[in-house]
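The structure appears below as structure tokens.
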Amino acid sequence: MTKLRPRLSLFGIGAFALLLLGVAPLLLTDHWLGNLGKYCCWAMAAVGIGLAWGRGGMLVMGQGVFFALGAYSMAMHLTLETAGDGVPGFMVLYDPLAPLPAFWEPFRSAAFTLLAIVLLPVIVAGLLGYALFKRRVKGAYFAILTQALAVALATLISSTIRETGGDTGLSDFKYFFGFVLDDPANRKLVYLITAALLVVCLLVVRQLYRSRFGELLVATRDAEERVRFLGYDPANVKLVAFVGAALMASIGGAMFVPIVGIITPAEIGAAASILMIAGVAFGGRASLFGPALGAMAVGWGQSSLGSTWPDGWTYIIGALFIVVILFLPNGLSSVLARFTAARRSPGEQPAAATATLQLEEAKS
Amino acid sequence: MDALISPLLNGSAQGALLLLAALGLSLTFGQMGVINMAHGEFLMIGAFTAYLVQQVIGSSDLSIPVALPVAFVVAGLFGLLLEVSIIRWMYHRPLDTLLVTVGVGLILQQAALQIFPSQGVPVEKPGWLNGQVTVFGYDWPLRQVFTILLATVCVAALSVWLKSTAFGRRIRATVQNRDLAEVTGISTRTVDRLTFFVGSGLAGIAGVAASLIGGTNSQMGTQYIIPAFLVVAAGGIGQLKGTVVAAWAVGVVLSYFAYWTTGSLAQVLAFILVIVFLQLRPQGLFTVRTRSLV
Amino acid sequence: MTDASLVVTDLHVEFSGFVAVGGVSFDAHPGEVRFLIGPNGAGKTTCIDAITGLAAATGSARLGEQELLGRPVHKIVRLGVGRTFQTASVFNELSVLQNLDIAAGRHRHWAALLRTRRDVDPSIVQALEETGLADELATPAGILSHGQKQWLEIAMLLVQDAKVLLLDEPVAGMSQDERTATGELLQRVAAKRIVLVVEHDMDFMRRFATRVTVLHQGKVLSHGTVAEVQADPRVQEVYLGTAGAATTAAMSVVPDVSAVGLASSPAVSAVGLAGSPQTAAGTQQQED
Amino acid sequence: MSTTSKRLRTLVATGAFATTVALVLAGCGARVGDDTGGGKSSARSCVDTSGSTVKLGFLNSLTGGMAISEKTVSNVLHMAADEINAAGGILGKKIQYVQEDGATDWPTFAEKTEKLLTQDCVGAIFGGWTSSSRKAVKPVVEKHNGLFFYPVQYEGLEASPNIYYTGATTNQQIIPAMDFLASKGVKKLFLAGSDYVFPRTANAIIKLYAAKLGIEIVGEEYVPLDKDDWTTQVAKIKAAKPDFIFNTINGSSNVGFIKAYYDAGLTAATTPIISVSIAEEEAPAMGHEVTGHYASWNYFQSLKTDTNQKFIDSWKAYPKSSGVTSDPMEAAYISLYLYKALVEAAGSFDVDAVNAAAKKNTITFAAPEGTVTLDGENHHISKPGNIGRINASNQFDIVWSSGTFIKPDPFLKGYDWFPANIRDQLVKAAG
């Protein structure tokens, strides 16, 4: 599992890129291309979750927070671009005379917005991660705290209607950095950027997984104390993965806005954050492609099955959690891996299966 | 005066409900390390049980006292079913129990939406809870006093059960050293099942209390689960008195914030406060000494 | 490799009122295989915990000019103090090479972490040869034999270039041949480094120890060469007077705080709902 | 091997980059200021009415929090479709409906709207409940030049050539409620609402009108939509001693509000509530009898008209019936018939033709609430303002009525107390 056959994974990414960037735009209707773009956004967040959770052991249940940082940064810029010099329409409703809130002002600048999409999650995840990891908050505590943060942020946005659009969210964007969003050619362009970014995310985590850092991260996940006794500060190792995950979620969120055309607190709250996890668990948390493909599958299921059988879809998602976590903790990709491993060396059990770590118990 | 007293009293009642919701979690999470995200849905089951009991009995004066033990058993049985079918395979992967139970919660919500009228069902307050008592000039609703009493009784019963009964001792022995407990003849399987039954049953009782405060519908559990977990975490894992103090503090702080700011902002501020508190004291209010968290 | 000595002076460790180590002093120098022995609950492992920053302690533990107490674990490691654990703790999912590579990594520049490993570090090759694991380079550490895991741990200490090796029961569970090999390995290693071994195995101690310190109930009972210690009547009383305590140590009524875990120490378990997070922590590793 | 992988990596990266750049350059669409490019002109309807059926889309939340309210609306739409089909369909074509789940998620509403318009090629879409869902749908129907029929009372201040509103706008529900309060001699009013766009906007309008009517607003409280606990806020209400409470709370939070209200010892006799979201369906689900409180709606089940009786009877006989009828249900029922009337007046399912037919201001429908007339300019319908008081059987006794049908005025142009500069800005913002 940890040994990625280098060329195979690279061919995989190449094929994936070809499908997303070459084949999909030719075959899919505008509607489904837009949907695919949306799944790509979730997939980016999912790739990050794979990094933090699958490889780093941090169950990040609040990726909605970082998704929101990117999404709202982008949405504020696009809203201002649409509003021109004036104050956005929805603000007029509550206080027609008040000026634009101060924190909106810098988002008029495209450069600032792009910078914010990258830097905000890095800063927030950096501070948060530093605080939590240095205090050795992990496991369920970490999961619940991050989820609570997502809930708190969603509630905060819902309750600040004039400043953020509240529960209704921000929508009705006309332009995307100077391009008219209604134009199908431009929508295709936005899709291509999104798909390309997803491919870049995959290339980045591929390199991370193959690098010494990737090995160190897995080591930290499996035996944090042991890593400490090798002279590393596990907090720093985890911090890098956490920040990376946050950054990917933020970029996914940022692209979600022009693709879907709306961002609301519901997209970043508890349920949305959990749905992101669902895809990762389904695909295989620790594998390279699992999180992305899993997230895309869940997104597709929501669009198609959620349409034809809405009641059933909720049951399916629920059952997915139970069955996958119970029987396939490493997701569908582990079935594939087991299958190929069995073909290569019948009888030899994979190391992962026999390995039981005793480390925490053996700490003293 | 009113501005000072009423949030204190209202907040205490809010805290009591939070405590009821958190008690079962404190047991299953604190004692067994299982993170049951379907706990909110067990609470919902308790509330729907209160409704069904009311339909059968008719009089709300009588139905609520009857519903309390019934809801305890019904929610407890659901918990037992969950333990026997799923959780028992997962004791060595607590983080994964979190995700599995998220799935269970989703299924229970959707089932409730389809079984019961979608806009929810009415649960009526017993007549003997109408009225107020005047405390420092504030008319304190009896219903709130009832919630506090109910929480007090549950805490007392739980702590007596854990400390003074043979079964409680077995639970504590199992928690402290599972292998040793097994060697000394304790059936840890039975202990696990019973602990889960009681923990889930407590959610059922919380559900009855919640049905007197808000709507009884498929979504009701979702608003309790995260605050309840925060309370358990802030109180210190497996710490009954910590859970009590944390729940009360969160309720009161929430109420003061809500009184002085807005309901929405209060939610946010209370969350942030708990998160900051856990940052400063990750082991919670009271705790056994440990070097790292779960 | 190092001239500095490890000097421990008046070490005190207390857990919620229970004195686990009460004023222990000893020293260890390069070139000797130093043993720390004593019955269960004597405070041996706790001493190591204190030196490596795992348990809070008062007193002093100096490596050369550097005070170790009060520093965080990873900083102490960076000063050159390495340790192993009673239960072999290697990264089961990673190969032997990956394990060693991580151990060798702390001297690298952070940017190097982001690159893929292209060759095997010379120090790793050396450590592999020294510990006889050269053939297991690509084996996942999880499927190594118990003894091999212990050697891998020692190899990890070698590549991390530890000046002080604190080994906690390194031969527990090993066959006689493996014990001998381990002992010889330690003797070789000790030529340039400080080696401090915590052991129960008297035979192993007799064969390989240069100097021994005997702990009993958190205090130093005796120290000297093997012969001197064996001749000490107090040591005989502790070990023989209690009817072969070494073999029945597991049944000892004195709680071995460090082994069972803090939470179950009597002072703590009386508290409230008395949850011990120990169970949860112990079961936290995932199966995969 | 490592050099191979490096080369491969470079190759893939370059390839991806090149593809992107190429497509960016080739596919560059319209930019700001290109009025000719993209947009509506390119959206061609794919509605196929050549057969014997016409496809219509129903978009309601069947899962998630709003399923509580929207499931009934979905069912009543099904009933209306069955009725119309039984009577021969629209322009002789049977309705074939596509039901979609909005899942209480506004982006999903947007996605499904696009799906219905571009994949299913429906003639029109019916549904939505929250203002947020409508605001999510709006840009999409406008972009694809589709039609959306919205059946719930809302906060007004909106207009779109592609949306028809069959629920009340502010001057048909909020303003009648305020007139009623003034007629009762109310001097002190407390505003309690859920924290989202409708209550916030409604209360902004209420405050403006209250100033004109000489009613003092003694407090204003909001609680998040998904929170039920109102105890603290009710304590504040009690302390403020209002004559009346104006309730814009939505959904299950209403139950929490009512329970806290009675817990605190407030009663309909001393501090009555007037609601704009509690109807026949919600009243019995409060867990406390709510006799004596008021609601402002256009339709009540208790309205004594023949069309209403017929509506109630058909609904009660309908398999998926909930037993009672309510204003949003009736407005949903109207919406489908209104569409039928529009199409038949236009003689075509074409959106522009339908809008042109609307412009004639002659479209009417004999609705259960009375005969409503469509305003072709703002796409709202005329409605009677009614105030009902809840009786012991959870039905509403009508205690006040506007008498005439109130013409829809979403931007409150006919009300001088509404500041003209705000209106101008809002009209401008609404486009």
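Brief remarks on what is shown
- Residue check, D:Pro284 assigned to a helix (DSSP H, G or I), in contact (Cβ under 8 Å) with a residue 40 or more places away in the chain and surrounded by 24 or more Cβ atoms within 10 Å (Cβ to Cβ): no
- Within region A:146-171, the set of residues being in contact (Cβ under 8 Å) with a residue 40 or more places away in the chain and either more than 7 Å from every other protein chain (Cβ to nearest Cβ) or surrounded by fewer than 23 Cβ atoms within 10 Å (Cβ to Cβ) (or both) comprises A:Thr146, A:Leu149, A:Ala150, A:Leu153, A:Ala154, A:Ile157, A:Arg162, A:Glu163, A:Thr164, A:Gly165, A:Leu170.
- None of A:Leu203, A:Leu198, A:Leu247, A:Leu230 is over 20 Å from A:Ile317 (Cβ atoms), among the aliphatic types (A, V, I, L, M), within 14 Å of chain C (Cβ to nearest Cβ) and surrounded by 24 or more Cβ atoms within 10 Å (Cβ to Cβ) except A:Leu230.
- B:Gly15 being small (Gly, Ala, Ser), buried (at least 21 other Cβ atoms within 10 Å of the Cβ) and farther than 30 Å from B:Thr134 by Cβ: no
- If you go through region D:147-168 and pick out every residue that is within 14 Å of chain A (Cβ to nearest Cβ) and at pLDDT below 95, you end up with 7.
- Residue in region B:208-218 that is away from every other protein chain (no Cβ under 11 Å) and among the aliphatic types (A, V, I, L, M) present: yes
- Residue check for A:Gly14: more than 17 Å from A:Ala272 (Cα to Cα), out of contact with any strand residue (DSSP E or B) (no Cβ under 9 Å at 6 or more places or on another chain) and not in a helix (DSSP H, G or I): no
- Selection from region A:140-166 of residues that are among the polar types (S, T, N, Q) and within 13 Å of B:Leu95 (Cβ to Cβ): A:Thr146, A:Gln147
- Of residues in region C:83-112 being more than 7 Å from every other protein chain (Cβ to nearest Cβ) and within 17 Å of the chain's Cα centre (by Cα), the one farthest from C:Gly142 (Cα to Cα): C:Thr84
- Unmet criterion (only one of (1) touching a helix residue (DSSP H, G or I) at 6+ places or on another chain (Cβ under 9 Å); (2) surrounded by fewer than 22 Cβ atoms within 10 Å (Cβ to Cβ)) for C:Val21: (2)
- Test: residue in region B:109-122 that is farther than 30 Å from D:Asn60 by Cα and touching a residue at least 60 places away in the same chain (Cβ under 8 Å): no
- Residue list for region A:172-183, filter: on the phi < 0 side of the Ramachandran plot, within 7 Å of another protein chain (Cβ to nearest Cβ) and modelled with pLDDT of 90 or more: A:Tyr175, A:Phe179, A:Val180
- Filtering region C:111-158 to residues that are surrounded by 23 or more Cβ atoms within 10 Å (Cβ to Cβ), without any contact (Cβ under 8 Å) to a residue 40 or more places away in the chain and either small (Gly, Ala, Ser) or out of contact with any helix residue (DSSP H, G or I) (no Cβ under 9 Å at 6 or more places or on another chain) (or both) leaves only C:Ala127.
- Close contacts from region B:29-55, counting a first residue that is more than 17 Å from B:Leu113 (Cβ to Cβ) and at the interface with another protein chain (Cβ under 10 Å from one of its Cβ atoms) and a second that is among the charged types (D, E, K, R) and not in a helix (DSSP H, G or I), with Cβ to Cβ under 9 Å and a gap of 6+ residues or different chains, come to B:Gln54/B:Glu124.
- Among residues of region B:123-154 being assigned to a loop (DSSP other than H, G, I, E, B) and either without any contact (Cβ under 8 Å) to a residue 24 or more places away in the chain or closer than 30 Å to B:Ile45 by Cβ (or both), the one that is farthest from the other protein chains (Cβ to nearest Cβ) is B:Pro126.
- The helices (runs of 4 or more DSSP H) falling completely within region B:171-285 that include 2 or more residues that are touching an Asp or Glu at 6+ places or on another chain (Cβ under 8 Å) and without any contact (Cβ under 8 Å) to a residue 60 or more places away in the chain map to B:263-280.
- When restricted to residues that are assigned to a strand (DSSP E or B) and β-branched (Val, Ile, Thr), region C:13-60 contains 7.
- Residues satisfying the stated conditions in region D:223-265, i.e. crowded, with 23+ Cβ neighbours inside 10 Å, without any contact (Cβ under 8 Å) to a residue 60 or more places away in the chain, facing chain B (nearest Cβ under 8 Å) and among the hydroxyl-bearing types (Ser, Thr, Tyr): D:Thr231, D:Thr232, D:Ser253
Results for (1) out of contact with any helix residue (DSSP H, G or I) (no Cβ under 9 Å at 6 or more places or on another chain); (2) of a type outside the set (Phe, Trp, Tyr); (3) farther than 23 Å from C:Thr131 by Cα; (4) buried (at least 21 other Cβ atoms within 10 Å of the Cβ), shown as yes or no for each residue.
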| residue | (1), (2), (3), (4) |
| --- | --- |
| C:Glu184 | no, yes, no, no |
| C:Gln187 | no, yes, no, no |
| C:Ala191 | yes, yes, no, no |
| C:His200 | no, yes, no, no |
| C:Phe204 | no, no, no, yes |
| C:Ala227 | yes, yes, yes, no |
| C:Asp232 | yes, yes, yes, no |
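Rundown of residues vs (1) part of a strand (DSSP E or B); (2) within 30 Å of A:Ala154 (Cα to Cα), yes/no style:
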residue: D:Ile205; (1), (2): no, yes
residue: D:Gly219; (1), (2): yes, yes
residue: D:Asp229; (1), (2): no, yes
residue: D:Gln233; (1), (2): no, yes
residue: D:Ala239; (1), (2): no, no
residue: D:Asn254; (1), (2): no, yes
residue: D:Tyr262; (1), (2): no, no
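- In the condition set (1) acidic (Asp, Glu); (2) away from chain A (no Cβ under 14 Å); (3) out of contact with any strand residue (DSSP E or B) (no Cβ under 7 Å at 6 or more places or on another chain), D:Glu216 is compliant with all but (3).
- Restricting attention to region D:77-108 and to residues that are within 14 Å of chain A (Cβ to nearest Cβ) and assigned to a loop (DSSP other than H, G, I, E, B), the residue that is farthest from D:Ala332 (Cα to Cα) turns out to be D:Asp105.
- Highlighted here are the strands (runs of 3 or more DSSP E) found entirely within region D:340-416 that include at least 3 residues which are surrounded by 17 or more Cβ atoms within 10 Å (Cβ to Cβ) and not hydrophobic (A, V, I, L, M, F, W, C): D:383-390.
- Residues of region D:295-317 that are crowded, with 24+ Cβ neighbours inside 10 Å and hydroxyl-bearing (Ser, Thr, Tyr): D:Ser296, D:Tyr299.
- Only one of the numbered conditions (1) under 30 Å from A:Ala270 (Cβ atoms); (2) touching a Gly at 6+ places or on another chain (Cβ under 9 Å) is not met by D:Thr49, and that is (1).
- Lone unmet requirement of (1) modelled with pLDDT under 95; (2) in contact with a Pro (Cβ under 7 Å, 6 or more places away or on another chain); (3) of a type in the set (Ser, Thr, Tyr); (4) under 25 Å from D:Lys93 (Cβ atoms) for D:Ser335: (1)
- Test: residue in region D:173-180 that is under 27 Å from D:Ile387 (Cβ atoms), touching a helix residue (DSSP H, G or I) at 6+ places or on another chain (Cβ under 7 Å) and not in a helix (DSSP H, G or I): no
The values are calculated or read from the model by the stated rules, or taken from the named source; none is laboratory data. Given the structure is predicted, the values throughout are model-derived calculations rather than measurements. Cβ: placed from backbone, ideal geometry, glycine included. Neighbour counts: every protein chain shown.
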